[in-house]
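One structure is given here, and the rest of the page talks about it.
The values are calculated or read from the model by the stated rules, or taken from the named source; none is laboratory data. Every value quoted in this text rests on a predicted model; they were computed, and no experiment measured them. Cβ coordinates were reconstructed from backbone atoms using ideal geometry, including for glycine residues, and neighbour counts include every protein chain displayed. When the accessible area is computed, the model is the full protein with side chains, heavy atoms only, and any ligands, DNA or RNA have been set aside. Shrake-Rupley method; radii C 1.70, N 1.55, O 1.52, S 1.80 Å.
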Amino acid sequence: MKNIVCLLLMGVGLWAFRLAAADPVETKVYVISITGAEVHEKPSCQSKVLRKIPIGAAVNAQQTIASKEVKQVGAGFALQGDWIKVTAPAYTGYVFSSDVTKHKPKIESRDGLTFVDLLGTKKSARTENEKVAAANKNSAPEYAVHETTEYASGTYTMTTHDGCFDHVYSFRRLTLPEVYHHMISSYSGYSSFNPKKLMQPKLISRKGNVYTFTCGFGDSDAAQDLKLTVKDNGVITISSNDCT
């Protein structure tokens, strides 16, 4: 859809990592944007871009500067953020906060691409069988299998039934930009027709706090019911399904 830009101004979407401007404290932040984070000469989107830091790279953050700017981070999708002053031996500049996180991500590679996983350390896992109504009342009982894994920053559940798979990620400790970039990493890949073309989820529609995207995998714009949902209790979920 054309001209769809979501300016996510709700509290859960704002950058939670703020450093006092009068008392800078150096810390590490990690790039989570699949296309990298641009380093600007000044804290402005209109400022000169000095370089781009690749996904997964760590950089020293010295100071956060409050901002009302929004940045287009995907097709039809934008996030509000602040500016973070970063330093390295070869440069000093500013990156937009929606492109980075203070949580050290797990770095993964797939088909020549680098991705980030923000679930955190694995805590536990369990499997549950749920009896469901069969399509034919004379058929044998059917069961849906729920496989749930708990992590430091969230939960992943895969439900299997009748050749279909439902996937749900639930995040309790992450901001909206962090969950968005986890989704992009989880559902992006190169086109099978053009191995140099990166296919990423694209926003289709928004209904309240539910954002529906196409799935980046393959060469179809079919959504596969890929949704990002911001719940009233602050939990943010990513959900999708596929069938064999």
With the 1.4 Å probe rolled over protein heavy atoms, region 39-84 has an accessible area per residue in Å² of 46 Å²
With +1 at each Lys and Arg Cβ and -1 at each Asp and Glu Cβ, the charge dipole magnitude of region 60-145 around its Cα centre, to the nearest 20 debye, comes out at 240 debye
Extension length gain for Ser205 and Glu147 (0.36 nm per residue less Cα distance), in nm, is 17.9 nm
The pairs in Lys207/Lys227; Lys102/Lys197; Lys42/Lys197; Lys42/Lys85; Lys122/Lys231; Lys68/Lys106 lying past 19 Å Cα-Cα in this model are Lys102/Lys197; Lys42/Lys197; Lys122/Lys231; Lys68/Lys106
Residue separation between Thr121 and Arg173 times 0.36 nm, minus their alpha-carbon distance, gives in nm 17.4 nm
